[in-house]
Amino acid sequence: MRILVAGGAGFIGSHYVRSMLSGAYPGYEDAHVTVLDKLTYAGNPANLHPVGAHPHFAFVRGDITDAELLANVMPGQEVIVNFAAETHVDRSITAAGDFAVTNVLGTQRLLQAALDAGVRTIVQVSTDEVYGSIASGSWTESEPLLPNSPYSAAKAGADLLCRAYHRTYGLDVRVTRCCNNYGPYQYPEKLIPLFITNLIDGRRVPLYGDGGHVREWLHVDDHCRGIQLVLDKGTAGEVYNIGGGVELSNRELTGRLLAALGVGEEMVTRVPDRLGHDRRYALNSGRIRSMGYEPRVSFDRGLAEVVRWYRDHQSWWRPLRQTGR
Ligand code: NAD
């Protein structure tokens with residue numbers, strides 16, 4: 001099987017590729033994986049070093065908005081998993097245009113190229129943020145999309161294009177909507193790696209507003225297993241929430257990180273709230289659970305391992321922090 005992984009040099013995409021090529025997904029041991037990645041600030045060839053010499057691995061540097069390039073790489077591919085996106089909400093608030101171009105136009109170009117080349121199945125990796133904010137309860141997949149940031153609006157646009165390509169052309173595209181991920185190789189601008197690396201360096205951590213924003217957390221390995229299950233057993237045109245069930249306020253999460261690094265509240269700086277900051281996200285993951293899905297990594301174990309990983313891999317993250325981008 002030939003699989004094209006767009007955005008495979010980023011945090012989650014590279015985990016998926018490393019897992020696939022190390023035989024973690026039964027039935028896919030012989031898969032040939034081509035990563036297509038623009039290598040923006042968030043894309044890092046080092047994330048793929050562990051599989052760089054694998055005989056079934058190929059890398060193409062390129063942009064998913066480049067229709068000509070897509071027409072060249074697509075023939076022969078049977079599956080596409082699309083991770084490629086601009087992903088940092090704070091950046092979307094100061095530079096929304098890049099998000100519209102990559103997340104919306106890029107996804108449309110990818111779908112069109114897949115349709116033209118007769119690709120069998122596409123999995124579009126989306127986010128719980130497309131639903132907006134929910135005060136209590138949790139979202140099922142039929143909830144309306146009410147995104148509040150340019151990031152989530154652009155991701156919602158991509159989700160709707162997937163729906164349209166399925167309804168209009170019969171393309172087999174499936175959408176996954178996952179909650180917040182954590183794990184190794186996450187770019188140190190996102191909350192967990194930012195806080196860990198700051199604390200390793202004895203720097204204070206910035207906590208938005210009152211710290212009462214609630215997020216659901218899932219280890220990246222569990223997210224990737226969910227994506228794989230949707231690829232294997234999902235239905236064309238369907239949407240699948242992938243939740244972890246571990247709900248924490250940013251204040252609670254910060255407390256756990258402070259404890260893990262052995263420091264106290266004095267290391268927290270309160271900063272003005274993010275514009276349009278969603279208060280709470282929560283997914284109902286009944287649909288994927290009914291397919292046998294269950295997260296495996298407990299949050300306590302996962303968080304301890306991630307803290308250890310950032311302590312042990314300073315040569316990976318220090319250059320990223322020094323660029324100041
Ligand atoms: P990331 O920012 O770490 O990686 C994104 C990757 O996409 C990078 O390698 C980057 O170079 C590449 N890319 C960006 N623009 C591109 C373009 N125009 N053409 C080709 N490649 C391009 O992101 P991530 O955290 O790994 O997220 C991957 C996907 O999962 C995204 O679609 C995101 O919306 C979704 N998601 C992320 C989370 C999370 O908590 N990180 C949660 C749910 C869903």
Check your understanding: What residue, of Leu4, Leu69, Leu21, is aliphatic (A, V, I, L, M), away from the ligand (no atom under 15 Å from the Cβ) and surrounded by 16 or more Cβ atoms within 10 Å (Cβ to Cβ)?
Key -> Leu21
Check your understanding: Which of the residues belonging to the range 230-279 are surrounded by 13 or more Cβ atoms within 10 Å (Cβ to Cβ) and in a strand (DSSP E or B)?
Key -> Val239, Tyr240, Asn241, Ile242, Val246, Glu247, Leu248, Ser249, Val268
Exercise for review: Return a yes/no flag: does the range 122-131 have any residue that is polar (S, T, N, Q), free of Cβ contacts under 8 Å to residues at least 60 places away in the same chain, closer than 16 Å to Tyr240 by Cβ and part of a loop (DSSP other than H, G, I, E, B).
Suggested key: no
Exercise for review: Would you please name the residue that is nearest to Tyr16 (Cα to Cα), looking only at residues in the range 90-118 that are in contact (Cβ under 8 Å) with a residue 60 or more places away in the chain and more than 10 Å from the ligand (Cβ to nearest atom)?
Suggested key: Leu111
Exercise for review: Quick one: in the range 24-43, of everything that is crowded, with 17+ Cβ neighbours inside 10 Å and within 7 Å of the ligand (Cβ to nearest atom), which residue is farthest from Leu229 (Cα to Cα)?
Suggested key: Thr40
Exercise for review: Kindly list, by first and then second residue, each pair from a residue in the range 185-212 that is surrounded by fewer than 17 Cβ atoms within 10 Å (Cβ to Cβ) to a residue that is of a type in the set (S, T, N, Q) and outside any loop (DSSP other than H, G, I, E, B), limited to pairs with Cβ atoms under 6 Å and residues at least 6 apart or on different chains.
Suggested key: Arg204/Thr269; Pro206/Thr269; Gly211/Asn250; Gly212/Ser249
Check your understanding: When you look at Trp316, is it aromatic (Phe, Trp, Tyr) and within 18 Å of Ala24 (Cβ to Cβ), yes or no?
Key -> no
Revision key, fill the gap. Of (1) under 18 Å from His15 (Cα atoms); (2) assigned to a loop (DSSP other than H, G, I, E, B); (3) out of contact with any Lys or Arg (no Cβ under 9 Å at 6 or more places or on another chain), Leu171 satisfies every one except (1)
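Every number in this text was worked out from the coordinates using simple rules, so none of it is lab data. Quantities reported herein were computed from a predicted structural model and do not represent experimental measurements. Backbone-built Cβ (ideal geometry, glycine too); neighbour counts: all protein chains shown.
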